[in-house]
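**Student:** Below you'll find the structure I mean.
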Amino acid sequence: LWYLNYATADAREITGWLAQHPQVPIEHVRILFNKEESWQNIVHAFPEHVLENPDLSRGDSILVYFVCFGSQIPILCPYDFDTKTENGGVNAGISAPSLHVMLDALAAVNGKNITAVLD
């Protein structure tokens, strides 16, 4: 596996910035670092934490921040990008169309007050 040495530092910096703002309850912040930031965990955490979260109200401001945008093609490269899966396949990352579907689902549930940052 390759490591994104600055990804964790960037994510911690954003978390610290959010924590300085009292209008952002820190329990509303979901962070996946290193091994936690696998394709499966991202795909599962997104609906669990954002789409199905009873603490979010329609129109709330939402920041989606990915520090795994590191390929020459528009794809999110999670921690386990380009590694073998248990069934012999390859973790191919999260494509731009897949991310678009995720963000559209979020907008349908919570409204369009969404900022997505791909770092």
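**Student:** Could you give me the radius of gyration and the Dmax of the chain, taking only the C-alpha atoms into account and expressing both in angstrom?
**Tutor:** 14.6, 46
**Student:** Leaving out ligands, DNA and RNA but keeping every protein chain, what accessible area does Ile114 have, in Å² rounded to the nearest 10, with a 1.4 Å probe?
**Tutor:** Approximately 50 Å² of Ile114 is accessible to the 1.4 Å probe.
**Student:** If each of Thr83 and Asp60 carries a label point 7 Å out from its Cα toward its Cβ, how far apart are those two points in nm?
**Tutor:** So the label points at Thr83 and Asp60 sit 3.1 nm apart.
**Student:** Check Val64: other-chain or 5+ apart residues with amide H under 5 Å from its amide H, H built from backbone geometry?
**Tutor:** For Val64, whose amide H was placed from the backbone, the distant partners under 5 Å are Thr115, Ala116, Val117.
**Student:** What order, most packed first, do the peptides 20-30, 99-109 have when packing is the mean number of other Cβ atoms within 10 Å of each residue?
**Tutor:** 99-109, 20-30
**Student:** Here's another thing I want to ask about it. Once phi is turned into ³J(HN,Hα) by the Karplus curve 6.51 cos²θ - 1.76 cosθ + 1.60 with θ = phi - 60°, what whole-Hz value does each residue of segment 39-46 show in order, with x for glycine and proline?
**Tutor:** Calculated HN-Hα couplings, in order: 3, 4, 5, 5, 5, 7, 5, 4 Hz.
**Student:** When the accessible area of the chain is computed with all protein chains present and a 1.4 Å probe, what percentage of it is carbon and sulfur?
**Tutor:** On the way: 4230 of 7810 Å².
Carbon and sulfur together cover 54 percent of it.
**Student:** Let me ask you something else. Counting heavy atoms of the protein chains only and a 1.4 Å probe, report the per residue accessible area for segment 21-78 as a whole number of Å².
**Tutor:** Accessible area per residue, segment 21-78: 64 Å².
The values are calculated or read from the model by the stated rules, or taken from the named source; none is laboratory data. No experiment lies behind these values; they were computed from the predicted model shown. Please note: Cβ atoms are built from the backbone with ideal geometry, for glycine as well, and neighbour counts cover all protein chains shown. The protein model used for the area step is the full one, side chains on, heavy atoms only, and it has no ligands, DNA or RNA in it. Shrake-Rupley method; radii C 1.70, N 1.55, O 1.52, S 1.80 Å.
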